[in-house]
Amino acid sequence: MEVFVQQLINGVTLGAVYGLIAIGYTMVFGIIGMVNFAHGDVFMISAFVALICFMAVTALAGMTGGAVFLALLVALIVSMIVTSLFSWTIERVAYRKLRGSFRLAPLISAIGMSILLMNFVQVAQGARNKPIPPIMRDTISLFEKDGFVVAISYKQILIILVTAVLLGIFWYVVQKTPLGRAQRACEQDQKMAALLGINVDRTIAVTFIMGAALAAVAGTMFLTYYGVVVFSDGFVPGVKAFTAAVLGGIGSLPGAVLGGMLIGLIETFWSAYFSIDYKDVAAFSILAIVLIFMPQGLLGKPEVEKV
C-alpha cells in the first residue's frame, strides 16, 4: 500500500504537467480544428527561458529562500511573456493563411514549425542537458511502514495546486466571459461568428496566447520538478499531452486535465510494477482501448452533423 500511495502522488504530479500542456492542444483544436504540433516545442522553449531567468536572478541575489522564490516568479512571468509572443508569431506566420486550405496543409506546417523550433533551440543552447541547482528539496512525510517513507515534496504540492487553480480560472474564462463566448462561437461556426461582429482572427490569436501561457507554466513546473531541460524535451511531453487531450475528450478543458492525470498515473504505476521500457506502450494502449468504445473521449461530446 505504501508503494501504491507514493506512486499515486508521483503519477498525479506528472499528470498535472501533461494536463497543463494538453489544455493548449484542446483549446486550439476546439476552435480551428487543427493539431498544433509546435505546442510541445513552445513548452520546451518556456522551460529554457525559465532556466535562463532563474540562473540570472539567483546569480545576482543568491540561493536563499526569498531569492529562490523571486527567481521562480520572475522565471514564470518572463517565460509566459516570451512563449506568448512565440505562439502569437507562429499563428500569424505559419497557420493563419492556411486556415481555409485543405486539412493537411496546417498539419504539415505545424510539424515543420516544431522541427524549426527544436533545431533553433539546439543551435542556440546546445545539445547538452541544462541543469539548475536543486530547489525546494523539503518533503512532508505522510506515513512510514517497514522502513518505507511515503512523502510528498513541496514541488509536487506546488504543481498540483497550480494545475487545479489554472484549470478553474481558464474554465471560468471560457464559460463565463465575453472572450469565452467568442471562442465558443468560433468553435461552432467561424463565418457566422464573424457576421455577428466577432473578430475571429483576434479570438484565435488570443487562444494561441492562452495556450502558450499555460505551456509556460508547465515548462516552469517541469524545470522545477526535474531540475534539467534539453532541446528535445518538447517532443515526447508534447505527444503525450496531445494523447491526454484526445483521451479526455478533445475540446474539453476538464477532459484535458483528466486525460493528463490518467496518462501520468498509467506511466508511473507501470514503471513501478512492470517494466519501465514499456510504459509508453501501456499509455497508448489504454488510449486505443478507450477510443474504441468511446470515440469522443472520456468527457468529449459526440459531433453531430446537421444536414
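The values are calculated or read from the model by the stated rules, or taken from the named source; none is laboratory data. Because the structure is a prediction, the values reported are computed rather than measured. Here the Cβ is made from the backbone with ideal geometry for all residues, glycine too, and neighbour counts use every protein chain on show. We work out accessible area using only protein heavy atoms, side chains counted, and drop any ligands, DNA or RNA first. Shrake-Rupley method; radii C 1.70, N 1.55, O 1.52, S 1.80 Å.
Please report the orientation-averaged projected area of region 1-71, defined via the convex hull of its C-alpha atoms, in nm².
Details: hull surface 29.3 nm².
Convex hull of Cα atoms, orientation-averaged projection: 7.3 nm².
In region 237-307, what chymotrypsin sites (Phe, Trp or Tyr not before Pro) fall in a loop by DSSP, with at most 12 other Cβ atoms inside 10 Å? Display every interim value, and only then the final one.
Values: sites: Phe242, Phe269, Trp270, Tyr273, Phe274, Tyr278, Phe284, Phe293; in loops: Phe274.
Qualifying residues, ordered by number: Phe274.
Taking only protein heavy atoms and a 1.4 Å probe, what accessible area per residue, in Å², does the chain have with all protein chains in place?
Numbers: 15360 Å² over 307 residues.
On a per-residue basis, the chain sits at 50 Å².
Apply the Debye scattering formula to region 173-243, with a single equal point scatterer on each alpha-carbon and no solvent, then give log10 I(q)/I(0) at q = 0.11, 0.20, 0.23 Å⁻¹.
Debye intensities relative to I(0), on a log10 scale: -0.41, -0.85, -0.97.
With no solvent and one equal point scatterer per Cα, compute the Debye intensity ratio I(q)/I(0) for region 1-134 at 0.11 Å⁻¹ and report its log10, rounded to two decimals.
-0.53
What's the carbon and sulfur percent of region 9-120's accessible surface, probe 1.4 angstrom, rounded to a whole number? All intermediate terms of the calculation are to be shown ahead of the outcome.
Working: 3610 of 4590 Å².
Here carbon and sulfur together make up 79 percent of the probe-accessible area.
Quick one: accessible surface of Glu2, probe radius 1.4 Å, all protein chains present, in square angstrom to the nearest 10.
Using a 1.4 Å probe on the heavy atoms, I get roughly 30 Å².
Ratio of Rg to Rh for the chain, alpha carbon only, Kirkwood?
Taking Rh as the inverse mean 1/r over Cα pairs, Rg/Rh reads 0.98.
Provide, as a two-decimal number, the C-alpha radius of gyration of region 159-307 over 2.2 N^0.38 Å, N being how many residues it has. Don't skip to the answer; put the middle values down first.
Values: Rg = 17.5 Å, N = 149, 2.2 N^0.38 = 14.7 Å.
Computed over Cα atoms of region 159-307, the ratio equals 1.19.
Any of Lys97/Lys279; Lys191/Lys240; Lys176/Lys301; Lys130/Lys240; Lys191/Lys301; Lys155/Lys301 with alpha carbons more than 29 Å apart? Name them for me. Kindly include the intermediate steps, with their values, before the conclusion.
On the way: Lys97/Lys279 39 Å; Lys191/Lys240 33 Å; Lys176/Lys301 19 Å; Lys130/Lys240 22 Å; Lys191/Lys301 22 Å; Lys155/Lys301 34 Å.
In this structure, Lys97/Lys279; Lys191/Lys240; Lys155/Lys301 lie more than 29 Å apart at Cα.
Based on DSSP H assignment, which helices of the chain show an axial Cα extent of at least 18 Å together with a mean Kyte-Doolittle hydropathy greater than or equal to -0.5? Display every interim value, and only then the final one.
Working: long enough: 2-32 (45 Å, 1.48); 39-61 (33 Å, 1.93); 65-90 (37 Å, 2.18); 104-125 (31 Å, 1.59); 154-176 (32 Å, 1.53); 200-226 (39 Å, 1.30); 235-248 (20 Å, 1.46); 253-273 (30 Å, 1.25); 279-293 (22 Å, 2.15).
Taking the DSSP H segments of the chain (at least 18 Å long, mean hydropathy at least -0.5), we get 2-32, 39-61, 65-90, 104-125, 154-176, 200-226, 235-248, 253-273, 279-293.
For region 55-102, how big is Rg over Rh, using alpha carbon atoms and the Kirkwood form of Rh?
Working: Rg = 17.5 Å, Rh = 12.9 Å.
Result for region 55-102 is an Rg/Rh of 1.35.
Just subtract the alpha-carbon distance of Ala151 and Lys191 from 0.36 nm times their residue separation and send over the number in nm, one decimal.
Details: separation 40, 0.36 × 40 = 14.40 nm, distance 5.30 nm.
Contour length minus the Cα-Cα distance gives 9.1 nm.
I'd like the GluC sites (Glu not before Pro) in region 217-307 restricted to DSSP loop residues with at most 11 other Cβ atoms within 10 Å, sorted by number. Display every interim value, and only then the final one.
Working: sites: Glu267, Glu303, Glu305; in loops: Glu303, Glu305.
Listed in order of number, the matching sites are Glu303, Glu305.
On the first, second and third principal axes, largest extent first, how far apart are the outermost C-alpha atoms of region 120-189 in Å?
In descending order, the Cα extents are 59, 42, 17 Å.
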